[in-house]
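Here's the structure, in structure tokens; my notes come after.
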Amino acid sequence: MTHTPAASFPFADLALSQRLERAEGRANAEFVEARAQLSPASGACWRERAGAYAMYDGADSPLTQTFGLGLFDTVTPADLNALEEFFRERGAPVFHEVSPLADAKLLALLNERDCQPIEFTNVMFRPVFEGLRLTSAPNEKISVRLARADESDAWAATSARGWSEDETVAGIMLGLAEVSAKRDGALSFLAEIEGQAIATGGLFVHGGVALLAGASTIPEGRQQGAQLALLDARLRYAAAHGCDIAMMCALPGSPSQRNAERQDFRIAYTRAKWRLPPGPA
């Protein structure tokens, strides 16, 4: 099977970063809205300021941060003050996930506030088109389908089992998966062998971008190609529903990055997460 032609890849510029970051921002906004609906006492909510989305999903949630800062509008000190207050009044730390394509002046503002980069993420992408073929053929014994609305709990439980080696992480992932599966328009995919669910994958579509997330395989289902089958099914679904770009995020140098590159994903850019140190008690 041939690789995706290099000419079909769009240039990794500001316009591409805006599309990718907005898709992820919208996905997380819808997650937060679902959390608020399912658990009003959580206080989950989000705000937009200077083109950035500020999310609150609980003080310890990985979704509690900003997305798209400096990509859509110029950010002023007053904007940062307002964003920081949004988190502080909810007792949450202040995190900003920042694309390297953001306004260069933003870095100076973050440094002036003593923000520190604490994490890097490779944002990866590839073209999507009808008739697309992966570089490896999926295992024909594995079938992939969309989970039904009445299977949201089962999908979440399968997803959490993929993290069962660590009970704490599994508990966190179960909570996230339960909300994700119950979002309006949730696209939750199941991979099965002989009718038994062995892996999960999620998909969110916005502005022609297909965001791939929620990848998890139960321990006894590994090394059988379940995630390859899920990737194939989701990319085909995305192509059939008007997407031209697929994206996923991975830790630099991780197995996830390596596996994505094997299927013609490229690194668009490496994003940094900045943390504002807590103020004096």
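Remarks
- On a per residue basis, the chain carries 47 Å² of accessible surface, using protein heavy atoms and a 1.4 Å probe.
- Cα-based shape type of the stretch 1-128, given that a ≥ b ≥ c are square roots of the gyration tensor eigenvalues and the cut on a/c is 1.5: oblate
- Dipole magnitude for the stretch 137-281: computed about the Cα centre from +1 point charges on Lys and Arg Cβ and -1 point charges on Asp and Glu Cβ, it is near 540 debye.
- Between helix 14-38 and the chain: long-axis angle, C-alpha atoms, 0 to 90°, nearest 10: 90
- Low-density loop cleavage sites - GluC sites (Glu not before Pro) in the stretch 77-153, where at most 13 other Cβ are within 10 Å (DSSP): Glu89, Glu130, Glu140
- Rounded FRET efficiency, nearest 0.05, which uses the C-beta distance separating Thr168 from Asn139 and R0 of 35 Å: 0.65
- Net charge contributed by nearby residues that have their C-beta within less than 9 Å of Ala82 (K/R +1, D/E -1): -1
- Rolling a 1.4 angstrom probe over the stretch 163-281 with all protein chains present gives an accessible area of which 53% lies on carbon and sulfur atoms.
- The chain: angle of helix 77-88 to the longest principal axis, Cα-based, in degrees nearest 10: 70
- Only the Cβ atoms of Lys and Arg (+1) and of Asp and Glu (-1) were treated as charged; on that basis the dipole of the stretch 2-115 about its Cα centre amounts to roughly 160 debye.
- Surface share of carbon and sulfur [accessible, 1.4 angstrom probe, percent] for the stretch 1-156: 52
- Top positive-direction residue, dipole computed over the chain with Cβ charges, set Gln18, Leu63, Ala197: Gln18
- Counting only alpha carbon atoms, the long axis of helix 226-240 and the longest principal axis of the chain meet at about 80°.
- For the chain, the convex hull spanned by the alpha carbon atoms encloses 132 Å³ per residue.
- Loop-located trypsin sites (Lys or Arg not before Pro) in the stretch 43-123 (DSSP state other than H, G, I, E, B) with a sparse environment of at most 11 neighbouring Cβ atoms within 10 Å are absent.
- Near Trp274: Cβ cut-off under 11 Å, other residues only, Lys/Arg at +1 and Asp/Glu at -1. The net charge is +1.
- Prolate/oblate/rounded call for the stretch 114-271, Cα gyration tensor, a/c under 1.5 rounded: rounded
- Dipole-positive endmost among Trp163, Ala268, Leu132 within the stretch 130-281 (Cβ charges, Cα centre): Ala268
- Antiparallel content of DSSP bridges confined to the chain, in %, to 5: 90
The values are calculated or read from the model by the stated rules, or taken from the named source; none is laboratory data. Remember, it's a predicted structure, so these values are computed and weren't measured experimentally. Here Cβ is always computed from backbone atoms with ideal geometry, including for glycine, and neighbour counts include all displayed protein chains. Ligands, DNA and RNA are excluded from the accessible area calculation, which covers all protein heavy atoms including side chains. Shrake-Rupley method; radii C 1.70, N 1.55, O 1.52, S 1.80 Å.
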